[in-house]
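> This is the structure I want to talk about, given as structure tokens.
The values are calculated or read from the model by the stated rules, or taken from the named source; none is laboratory data. Predicted, not measured: the structure shown is a model, and the values here were computed from it. Positions of Cβ are backbone-derived with ideal geometry, glycine not excepted, and every protein chain shown enters the neighbour counts.
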Amino acid sequence: MANLTKTNRRDFLKIAGTTAGGLFIGFNWASCDSPKVQVLTDQEVLSQVHDFNAYLSISPTGDIVIYSPNPELGQNIITSFPMIVAEELDADWSKVRVFQAALDNEKYDRQLTGGSGAMPHSWERLRKAGATARHLLLAAAAEKLQVPVSELTTEKGEIFHNGKKKFSYGEMVADASKLTAPEEVSLKDPKDFKIIGTPVKNVKGKEIYTGQSLFGLDFYREGMVNAMITRPPFGMKIKSVDDSAARSVAGVSDVIVFKNKVAVVGDSTWPLIKAKNKLRIEYEPDGTVESSFDHDRIFKELLDSKDARVMRKDGDVETAFKNAAQVITSEYQCPFLSHSPMEPQNFFAHVKGDKVELVGPTQTPDRARMETARLLDIPQENITVELTRLGGGFGRRLAADFVVEAAELSKMLDKPVKVTWSREDDMTGGAYRPAVRYRFQAALDEQGKMIGYKLRGVGINAGNSTRENNFPSGSVDNLLIENVEHKSPITTNAWRAPITNFLAYAEQSFLDEVALAGKQDPVKLRMELLDRAKNNPVGEIHYDIDRMRGVIQTAADKSNWGKNKDVMQGFSVYFSHRSYVAQVADIEMENGQPVLKKITAATDCGTVVHPTGANQQIRGGIVDGMGHAMFTNMTFENGLPKQKNFDTYRLIRMKEVPEIDVHYVDSGFAPTGLGEPALPPTGGAIANAIFAATGRRIRTQPFIEQKEFSEIKLQIKRT
Amino acid sequence: MANFKLRINGKEHQVDVDDDTPLLWVLRDHLGLVGTKYSCGIAQCGACMVHLNDEAVYACTLPVSSVGSDKITTIEGLSEEGDHPVQKAWADVDVAQCGYCQTGQIMTASAFLKKNPNPSLEEIENVMNRNLCRCGTYHKIREAVAMAAKLK
Ligand code: FES
Ligand code: FES
């Protein structure tokens, strides 16, 4: 069990009687309602397993242990990855136990959760892990029975010869694990899949619904101290700190000023929250401070600036616009957003000389280790990283600031430390979805055909705010895509479907404007552009035209696009993170008011491995895309976020969610990820439906803060 | 600091904490009952929901000094085997994404169903609207509450 770190293994032996995967219950209160013991405990199984590969071990009892290497934040990879291994193994799913693997660069690569990339990366590897083990079990059985392997079959963890059961996997593991794994192994025909494509239940369901210790904030280690940290507004530095009142709070053992931050330390959380509120910190501007009104001005300046980076240029845009019968120009803008996972940031660190133990919720354990190694100037091998379950991530946990801080404090205090961020810390502590403004321009000829297309994106710490090779690039003769970035002290980070989370809305809304100006049906316009890209591509094409057409057609069919005059519809389609999603939003009039009733989604993500998880990622992505487009704003005053908690930072709630109808296009491709791709199209579908219903075009998020929106009185409450 | 005797999940517990300590932190930091979650701390999200004499309350804004001899139930004490009808429905519908909000959702739903065993969809939505789910599992929560009502 080399992928349980040493220390963890020690803990592991101490905690008899926890349910599967309860690796982090170091908190053993005799008075607590203790979890129930299984027939064979996990440690009983783990103590006798034979390892087949980094993912898979099997015990002579037939119990199957599968390690899930990637951080689990709700994408349910901890269920879907083991399903793939078990499928090729032909395992009895009821005998599978799943464990979260610790960071291990030798056993696994790409041990991270982000970019919807885990599934495409690991699909083959996981299948091979299961298939190789099955092959070895069969080889061992063939040897014992003295028959050729080709005469043996397997089903649900048992080996058959001529239809008669001969052995269980458990009986063969000892022999099989001694054999050398083949380099090549054949994989199942997808039509024979028995586990993949079925609604397998979340392997951690029971633990989640009984409130077991699973998340980073639940982690406890004997002898650890708790800490909370006050971080400065962006562009401010500490001038003076008066900590006398904070220190007087009972339960506070220390106040430490470091790197422009102030940490309060103690043995439990509540005294720290109180002490934090009693800190008197005076800040002074470092010369870079910004407020939201500065950003509005900066956007306008940069949209007209002469220095833009050309991201893609096809044809002769100048001439096309000069010759145009009609030019339309529109600008779209979005605010900063906080990631706000339900579990605020936190991490445990224990620096012991030149060794470090890290435990907590991170999307990139590798980066956590790298940055900690750099900070402490020690080799990476001296650091172990164990993963707890993540109470959401949305990109915020791709950063390592919250890990490094914990390590730094642990070193200063010479103690194990858990750093907890309050909700206010989490919301004001940085790494936001960047604020962006786009200017789109289209040149149309006499027939309403788009002959020229220009996009300039300006973003605040957004890097490249465009995706220059995405549709409609490749379908327009003359095209220019440019980017300008403004550097700000306000920190930003990937936020679920980075850049495309807003770009898709802006672009798909603008295409609607193009359709209107050219007197074309929005779906037909997109299909014609794709025909053009297919038959006579302009420049490079970076998306699969047929797959894009597939989801457009399916969404149009399933939503009865344009067929019911009482339903006002908005269309949107986007390709991101290797998957294709088209969406249609339906608005109906009720008592003279427009009501958002339904969103239909058609997705092509290749093979659907885990339908429950896939459905939830699609619906969750749509709810997320809708909620943030509609309600959520993050603004700044002198470098300080004005929204600090859920009372002013408005997240979508149950009553605001419309019906969501999910469909798939079976393209036969290998599976791609779904954590992100369903989010980008949603805002555009809704904004286009609002236009269809009311004639009002909403170009700025969040919708509810726009004048147009308050005038149309869209009902977002279900009736 | 003061000593408080609390009745939690049918057992007596004693803690020595400041009067103003929210029940949430008593449960999490002093009693190791970490199924009750912290997310906002200001009664906005419902992650910390517990039952106070069968009533769903936000543990994050409930000072321990106001609990007295009232009966507290947390997710850990909702059922012995994790088989309360609401928990069963949650498992059956397979509600969770990240799962962080779900114990709070379950506590809101179970208190509600006890008072209103045959709710309409609208009543379900009205009560569950108190609880945030950042992952957006709202469709499934609604489905699971309706299923739990039938399981009873
Ligand atoms: S933590 Fe209590 S309501 Fe949010
Ligand atoms: S399941 Fe993640 S917050 Fe609800």
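> Step by step: first the residues of segment B:44-57, then only those that are in contact with a Lys or Arg (Cβ under 9 Å, 6 or more places away or on another chain) and closer than 16 Å to B:Gln102 by Cα, then the one that is farthest from ligand 2 (Cβ to nearest atom). Which residue is that?
In this case the residue turns out to be B:His51.
> Could I ask something else about it? A:Thr372 - would you say it is in contact (Cβ under 8 Å) with a residue 12 or more places away in the chain, farther than 14 Å from A:Pro341 by Cβ, in a strand (DSSP E or B) and not assigned by TED's automatic domain parsing to the domain that holds A:Phe471?
Details: in contact (Cβ under 8 Å) with a residue 12 or more places away in the chain: yes; farther than 14 Å from A:Pro341 by Cβ: yes; in a strand (DSSP E or B): no; not assigned by TED's automatic domain parsing to the domain that holds A:Phe471: yes.
Judged against the criteria, A:Thr372 is not a match.
> Does A:Ala324 meet the test of being within 14 Å of another protein chain (Cβ to nearest Cβ) and of a type outside the set (Lys, Arg)?
Values: within 14 Å of another protein chain (Cβ to nearest Cβ): no; of a type outside the set (Lys, Arg): yes.
No: the conditions fail for A:Ala324.
> Could you identify the single residue in A:Ala320, A:Ala324 that is assigned to a loop (DSSP other than H, G, I, E, B), more than 21 Å from the chain's Cα centre (by Cα), more than 24 Å from A:Ala227 (Cα to Cα) and aliphatic (A, V, I, L, M)? First the steps, then the outcome.
Numbers: A:Ala320 fails: assigned to a loop (DSSP other than H, G, I, E, B).
Checking each option against the conditions leaves just A:Ala324.
> With the requirement that a residue be over 15 Å from the mean Cα position of the chain (by Cα) and either closer than 13 Å to B:Val64 by Cα or part of a strand (DSSP E or B) (or both), what does segment B:5-16 give you?
Passing the criteria: B:Lys5, B:Leu6, B:Arg7, B:Lys11, B:Glu12, B:His13, B:Gln14, B:Val15, B:Asp16.
> A further question follows. Just the residues that are farther than 30 Å from B:Met1 by Cα, under 13 Å from the mean Cα position of the chain (by Cα) and within 16 Å of ligand 2 (Cβ to nearest atom), please, taken from segment B:58-96.
Selection gives B:Val86, B:Gln87.
> What are the pairs with Cβ atoms under 7 angstrom where one residue, in segment B:110-134, is of a type in the set (D, E, K, R) and the other, located anywhere, is away from ligand 1 (no atom under 16 Å from the Cβ) and not in a loop (DSSP other than H, G, I, E, B)? Sequence gap at least six, or different chains.
Within 7 Å, the pairs are B:Glu125/A:Lys655; B:Glu125/B:Arg142.
> Does any residue of segment B:17-31 turn out to be acidic (Asp, Glu), more than 13 Å from ligand 1 (Cβ to nearest atom), within 14 Å of the chain's Cα centre (by Cα) and closer than 26 Å to B:Arg134 by Cα? Don't jump to the end; show me each part of the working.
Our first condition is that a residue be acidic (Asp, Glu); within segment B:17-31, this holds for B:18-20, B:29.
When the remaining residues are screened for being more than 13 Å from ligand 1 (Cβ to nearest atom), the result is B:18-20, B:29.
In the following step, the residues that additionally are within 14 Å of the chain's Cα centre (by Cα) were identified as none.
No, the conditions are met nowhere in segment B:17-31.
> Hey, another quick one. Among the numbered criteria (1) more than 9 Å from every other protein chain (Cβ to nearest Cβ); (2) of a type outside the set (Phe, Trp, Tyr); (3) away from ligand 2 (no atom under 16 Å from the Cβ); (4) within 24 Å of A:Pro344 (Cα to Cα), which one does B:Gln105 miss?
Condition (3) is where B:Gln105 drops out.
> While we're on this one: Would you check if A:Phe24 is more than 16 Å from A:Val96 (Cβ to Cβ), in contact with a strand residue (DSSP E or B) (Cβ under 9 Å, 6 or more places away or on another chain) and at pLDDT below 50?
Numbers: more than 16 Å from A:Val96 (Cβ to Cβ): yes; in contact with a strand residue (DSSP E or B) (Cβ under 9 Å, 6 or more places away or on another chain): yes; at pLDDT below 50: yes.
The answer is yes for A:Phe24.
> Same structure, new question: Do any residues in segment A:633-659 that are within 19 Å of A:Phe502 (Cβ to Cβ) have Cβ atoms under 6 Å from those of residues that are within 14 Å of ligand 1 (Cβ to nearest atom) and not hydrophobic (A, V, I, L, M, F, W, C), where the two are at least six apart or on different chains, and which pairs are they?
Matching pairs, first to second residue: A:Gln643/A:Tyr649.
> B:Asp94 - would you say it is acidic (Asp, Glu) and at positive phi? Break it down into steps so the answer makes sense when it comes.
Numbers: acidic (Asp, Glu): yes; at positive phi: yes.
Criteria met by B:Asp94.
> Taking the stated definitions as given, is B:Val95 modelled with pLDDT of 95 or more, more than 7 Å from every other protein chain (Cβ to nearest Cβ) and more than 17 Å from B:Ala43 (Cα to Cα)? Reasoning before the result, please.
Working: modelled with pLDDT of 95 or more: yes; more than 7 Å from every other protein chain (Cβ to nearest Cβ): yes; more than 17 Å from B:Ala43 (Cα to Cα): yes.
Yes; evaluated as a whole, the condition is true for this residue.
> Which one of these is out of contact with any Pro (no Cβ under 7 Å at 6 or more places or on another chain), under 23 Å from A:Gly675 (Cβ atoms) and either facing chain A (nearest Cβ under 7 Å) or more than 16 Å from ligand 2 (Cβ to nearest atom) (or both): B:Tyr38, B:Tyr100? Give the steps one after another, and end with the answer.
Values: B:Tyr38 fails: under 23 Å from A:Gly675 (Cβ atoms).
Going through B:Tyr38, B:Tyr100 in turn, just one is out of contact with any Pro (no Cβ under 7 Å at 6 or more places or on another chain), under 23 Å from A:Gly675 (Cβ atoms) and either facing chain A (nearest Cβ under 7 Å) or more than 16 Å from ligand 2 (Cβ to nearest atom) (or both): B:Tyr100.
> Sticking with this structure for a sec: Does segment B:11-21 include one or more residues that are closer than 17 Å to B:Gly77 by Cβ, modelled with pLDDT of 95 or more and touching a Cys at 6+ places or on another chain (Cβ under 6 Å)?
No, that holds for no residue.
> So, one more: If the requirement is being surrounded by 22 or more Cβ atoms within 10 Å (Cβ to Cβ) and away from ligand 2 (no atom under 16 Å from the Cβ), which of these qualifies: A:Gly452, A:Gly463, A:Gly393? Can you show your working first?
Values: A:Gly463 fails: surrounded by 22 or more Cβ atoms within 10 Å (Cβ to Cβ); A:Gly393 fails: away from ligand 2 (no atom under 16 Å from the Cβ).
A:Gly452 is the lone residue from the list that is surrounded by 22 or more Cβ atoms within 10 Å (Cβ to Cβ) and away from ligand 2 (no atom under 16 Å from the Cβ).
> Here's a follow-up. For the subset of segment B:109-152 comprising residues that are facing chain A (nearest Cβ under 10 Å) and basic (Lys, Arg), which member is surrounded by the fewest Cβ atoms within 10 Å (Cβ to Cβ)?
B:Arg130
> What number goes with the only condition from (1) within 16 Å of ligand 2 (Cβ to nearest atom); (2) within 19 Å of A:Gln212 (Cβ to Cβ); (3) at the interface with chain A (Cβ under 7 Å from one of its Cβ atoms) that B:Leu33 does not pass?
Among (1) within 16 Å of ligand 2 (Cβ to nearest atom); (2) within 19 Å of A:Gln212 (Cβ to Cβ); (3) at the interface with chain A (Cβ under 7 Å from one of its Cβ atoms), the lone unmet condition for B:Leu33 is (1).
> Give the residues of segment A:631-682 that are surrounded by fewer than 23 Cβ atoms within 10 Å (Cβ to Cβ), within 14 Å of chain B (Cβ to nearest Cβ), under 30 Å from A:Arg297 (Cα atoms) and not β-branched (Val, Ile, Thr), sorted by residue number.
A:Phe631, A:Gln643, A:Lys644, A:Asn645, A:Phe646, A:Asp647, A:Tyr649, A:Arg650, A:Leu651
> Could you look through segment A:338-349, keep only residues that are more than 13 Å from A:Ala373 (Cα to Cα) and either more than 16 Å from ligand 2 (Cβ to nearest atom) or at pLDDT below 95 (or both), and pick out the one that is nearest to the chain's Cα centre (by Cα)?
Just the residues of segment A:338-349 that are more than 13 Å from A:Ala373 (Cα to Cα), to begin with: A:338-348.
Filter once more, keeping what is either more than 16 Å from ligand 2 (Cβ to nearest atom) or at pLDDT below 95 (or both): A:347-348.
On the way: A:Phe347: 19, A:Phe348: 22 Å.
Per the stated criteria, the residue is A:Phe347.
> Among the residues of segment A:176-225, which ones are assigned to a strand (DSSP E or B) and either at pLDDT below 95 or out of contact with any helix residue (DSSP H, G or I) (no Cβ under 9 Å at 6 or more places or on another chain) (or both)?
Within segment A:176-225, the subset assigned to a strand (DSSP E or B) is A:215, A:225.
If the condition is that a residue be assigned to a strand (DSSP E or B) and either at pLDDT below 95 or out of contact with any helix residue (DSSP H, G or I) (no Cβ under 9 Å at 6 or more places or on another chain) (or both), then A:Phe215 is the only one that fits.
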